[in-house]
Amino acid sequence: MRLLIAALLLALLPATASATVEVAVAETRIDSTVGAYLNIRTTVTNTGAEPTGKLIAHLNVASLNDVYVDLEDWTAAPTQSVEPLAPGESAQVSWDVQAVNAGVFNVYAVVLPNGSSALAVSPPIHVEVAGRRILSAGGALPIALIVPLLLGLAVYAVRRRLRATA
Amino acid sequence: MTAAAGERTRAHGWRIIAAQECRDLWLSGRGPLLLFAYAVLLSAVTYLAATNQILNFLEQRESVNLVLQIAVAVGVLLTLVVAADAISGERERGTFESLLLTPVSRGAIVLGKLVAAMSLWGAAFLVSVPYLWVLGKGVAVVGEAVALGLVIGTVLALSMAAIGLVISAVSSSNKVSLAVALFLMLALFAPTQLPAMPTSSVGDLLVRINPVTAGMHYIQLVLLKGHGWTQDLTYLISPVVAVVAAVVALAVAGPRIVRLAGGVGSG
Amino acid sequence: MPGVTLEARELSKWFGSRTAVDSVSFTAREGEVIGLLGPNGAGKTTTIRMLSTVLAPTGGEFSVAGVPSSRPADIRARIGVLPESAGYPAHQTGLEYLIYHGRLFGLSRDEARNTAVKLLGQVGLSERAQSRISTYSRGMRQRLGIARALVNDPDVVFLDEPTLGLDPAGQREILTLVRTIAEARGTTVVLSTHTLPEVEQVCSTVLILDKGKVLAAGTVADVTSTDANRQSGHLRVPPAQVARAKEVLGGVAGVSVLSDERRDVIAITATDGMNAALSAVVDAGIPVLSFQIDGARLSDAFLAMTRGSTS
């Protein structure tokens with residue numbers, strides 16, 4: 001659906017001839033746990049001889065092991081606009097996505113240049129999301145009790161000292 | 001007073017005041033009591049966060065982020081309150097005149113009190129470390145959370161302590177000073193509770209110009225969203241500007257506003 | 001002749017449009033106890049606060065032990081002050097308090113401790129040195145305040161209402177201490193008070209202030225003689241006749257009715273003897289139950305000079 005909107009936007013924007021755009025990713029593999037946020041960083045470069053028009057960058061998540069993916073759950077803003085790039089100029093585009101499912105995924109970014117040029121696609125980022133690590137509430141309980149207890153004792157000691165010398 | 005004594009006063013006056021102020025804060029019961037209340041709050045939040053990890057979809061980093069944000073916010077608030085009481089409170093207790101009657105410079109008095117107020121932040125930060133550890137262990141986030149808390153918390157605490165001292169120095173009474181300080185704190189922290197402010201450009205600007213929201217957002221970006229430390233440094237502009245501006249204002253205006261009577265225009 | 005330790009020239013202070021101190025000038029010498037006299041609001045505390053550099057003067061200048069007012073920190077190093085209604089940190093002990101202030105005056109830790117112990121002994125607080133100040137009586141706190149004022153072995157000591165709120169025994173102790181400071185140490189003491197017997201007991205010179213201005217300055221004898229012809233006295237009449245007697249006295253030239261100390265006693269001052277006053281009362285048919293001439297005293301001069309402010 002978002003790709004469709006992006007394509008429509010593309011059609012409405014004025015054409016800029018022969019602009020060529022490349023998309024690079026900062027890392028090719030990410031291991032994470034379910035629920036964690038991933039910062040996907042890409043670099044969009046105009047490798048052509050002409051300046052580009054305004055660009056649309058879009059992130060997508062594809063499951064490699066048939067896990068259901070709803071992109072809306074992963075990020076609220078998969079599509080970003082990129083200001084026009086002069087020849088040789090680059091722009092950093094990043095997304096914060098939350099790994100909401102455990103599984104193996106490919107995450108990639110697509111840049112839609114203006115006019116009739118082809119889509120530019122980044123290399124995929126291989127993302128392996130492990131099952132959730134659960135911290136037991138019981139593990140936090142000793143700290144939650146001991147720290148106030150120690151400080152309470154400190155307060156008592158100070159008060160006692162004050163009373164003793166009064 | 002000998003020349004050597006005069007030299008000692010000039011060189012070490014702030015240290016003597018800071019040491020005494022720290023003793024007053026920590027041995028008269030007020031500091032430990034505040035820290036105890038702080039620990040009770042962090043205990044409650046930590047336990048609830050740990051429970052929520054099981055019941056709900058709360059990721060471990062989110063728990064650490066939640067506790068760190070509360071630790072920094074409340075720690076900074078306590079620092080501000082102590083700073084806001086530092087001068088106006090002494091005026092009301094009648095002990096400030098004796099301090100003004102010593103050869104120690106007004107700047108040294110302010111610096112000594114600033115250090116004492118910051119000692120509360122230091123202690124609050126140390127208390128928060130075990131909570132961050134228990135929630136973050138296993139996901140290699142504890143070190144990052146502690147470092148973020150130390151850096152961002154110290155910058156925010158220092159700016160708020162300096163602002164608190166200015167408020168305390170110019171306030172006509174201790175009540176006014178504490179009320180103004182608390183209002184300021186609420187005004188600065190309230191936007192952190194608004195949902196998704198940085199998604200619009202105006203919202204992002206508001207987050208950036210408020211040192212507290214900017215600092216908190218930076219913590220969230222690094223700790224929760226996995227950004228690098230250098231990736232969003234622009235969010236630290238306003239906290240750094242705030243701390244520099246507050247400290248410079250205190251250094252410049254200190255000698256004029258640190259006086260026997262508070263209030264604008266009083267002699 | 002002892003050297004001048006304190007010199008004020010045309011010292012003035014305005015708070016907005018209100019004049020608190022108006023062109024006050026005086027000098028004080030080593031070992032001298034100078035009484036700063038005046039009714040409430042006369043400008044005594046403001047004068048002391050200016051001389052102790054806590055308040056900046058609006059006009060004029062002063063010097064302490066030869067140090068000009070342009071070097072406030074150096075002046076503070078040479079003076080000791082017991083402020084009016086000074087507060088004390090309740091949780092500190094007397095010893096801790098004095099050591100802290102000694103350190104603020106540049107003493108090393110050991111020097112400060114030794115000085116504190118010595119001073120606590122001099123003001124009679126040795127036994128309570130380790131007690132919290134919150135447990136001290138008002139008199140003990142005043143003595144501790146005086147010890148604090150001496151911690152830097154000052155050239156000039158300012159004591160602002162040191163006997164306020166003390167019982168007669170406490171007042172006597174403090175005044176004895178004041179005299180000792182001046183005599184034994186050769187320190188100049190500026191004693192602000194509105195209790196006249198104190199001044200007569202311990203002060204060598206006085207400065208009478210009213211509404212910020214100096215009304216009289218000099219030795220106690222000098223100031224008293226400026227109003228030598230004035231006599232004061234107390235007239236006792238039946239309580240029912242007091243109002244009428246006051247009315248009659250008010251009509252006699254040169255006679256002033258001062259205040260109602262007791263219901264049946266009228267305090268009066270007269271510039272040309274008491275005969276006219278007494279005759280007027282007798283002529284009016286009012287029985288005079290007793291009559292006492294007080295003679296010329298500092299209090300008479302003070303009351304006469306500050307009549308508008310004290311009545």
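Quick notes on this structure:
- Selection count, the stretch C:100-111, where residues are assigned to a helix (DSSP H, G or I) and either in contact (Cβ under 8 Å) with a residue 60 or more places away in the chain or surrounded by fewer than 24 Cβ atoms within 10 Å (Cβ to Cβ) (or both): 3
- Taken over the stretch C:278-294, residues that are assigned to a strand (DSSP E or B), polar (S, T, N, Q) and surrounded by 11 or more Cβ atoms within 10 Å (Cβ to Cβ) amount to 1.
- Of all residues in the stretch B:227-246, those that are surrounded by 20 or more Cβ atoms within 10 Å (Cβ to Cβ) and in contact (Cβ under 8 Å) with a residue 40 or more places away in the chain total 4.
- Residue that is farthest from B:V74 (Cα to Cα) [pool: residues in the stretch B:127-146 that are surrounded by fewer than 24 Cβ atoms within 10 Å (Cβ to Cβ) and more than 10 Å from chain A (Cβ to nearest Cβ)]: B:A140
The rows are residues; the columns are (1) in contact (Cβ under 8 Å) with a residue 40 or more places away in the chain; (2) on the phi < 0 side of the Ramachandran plot; (3) in a helix (DSSP H, G or I).
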residue	(1), (2), (3)
C:R113	no, yes, yes
C:Q130	no, yes, no
C:R143	no, yes, yes
C:I146	yes, yes, yes
C:T163	no, yes, no
C:G170	no, yes, yes
C:R179	yes, yes, yes
C:E200	yes, yes, yes
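- Taking the stretch B:158-267 as the region of interest, the helices (runs of 4 or more DSSP H) fully inside it that hold 2 or more residues being aromatic (F, W, Y) are B:174-189.
- Matching option when the condition is of a type in the set (S, T, Y) and farther than 24 Å from C:P2 by Cβ, among C:T219, C:T187, C:T195, C:T205: C:T195
- Test for C:E10: is it within 21 Å of the chain's Cα centre (by Cα), modelled with pLDDT of 90 or more, of a type in the set (D, E, K, R) and not in a helix (DSSP H, G or I): yes
- Residue satisfying condition, being more than 22 Å from B:L25 (Cβ to Cβ) and surrounded by 18 or more Cβ atoms within 10 Å (Cβ to Cβ), within set C:G94, C:G87, C:G80, C:G124: C:G80
- Which listed residue, of A:V121, A:V155, is at pLDDT 80 or above and loosely packed, with under 15 Cβ neighbours inside 10 Å: A:V121
- Flag for B:L100 being touching a Lys or Arg at 6+ places or on another chain (Cβ under 8 Å) and of a type outside the set (K, R): yes
- All positions within the stretch C:55-99 that are under 20 Å from C:I34 (Cα atoms), β-branched (V, I, T) and not in a helix (DSSP H, G or I): C:V64, C:V67, C:I79, C:V81
- Extreme residue, surrounded by the most Cβ atoms within 10 Å (Cβ to Cβ), among residues of the stretch C:44-64 that are among the small types (G, A, S) and touching a Leu at 6+ places or on another chain (Cβ under 8 Å): C:S52
- Matching strands (runs of 3 or more DSSP E) fully within the stretch A:1-77 where at least 2 residues are basic (K, R) and modelled with pLDDT under 90: none
- Pick from the stretch B:16-44, criterion over 30 Å from C:R109 (Cβ atoms) and more than 7 Å from chain A (Cβ to nearest Cβ), ranking: farthest from the chain's Cα centre (by Cα): B:A44
- Test: residue in the stretch C:280-296 that is closer than 15 Å to C:E247 by Cα and at pLDDT below 70: no
The values are calculated or read from the model by the stated rules, or taken from the named source; none is laboratory data. The model shown is predicted, which means the values in this text are computed figures rather than measured ones. Methodologically, a virtual Cβ is constructed for each residue, glycine included, from the backbone with ideal geometry; neighbour enumeration extends over all protein chains shown.
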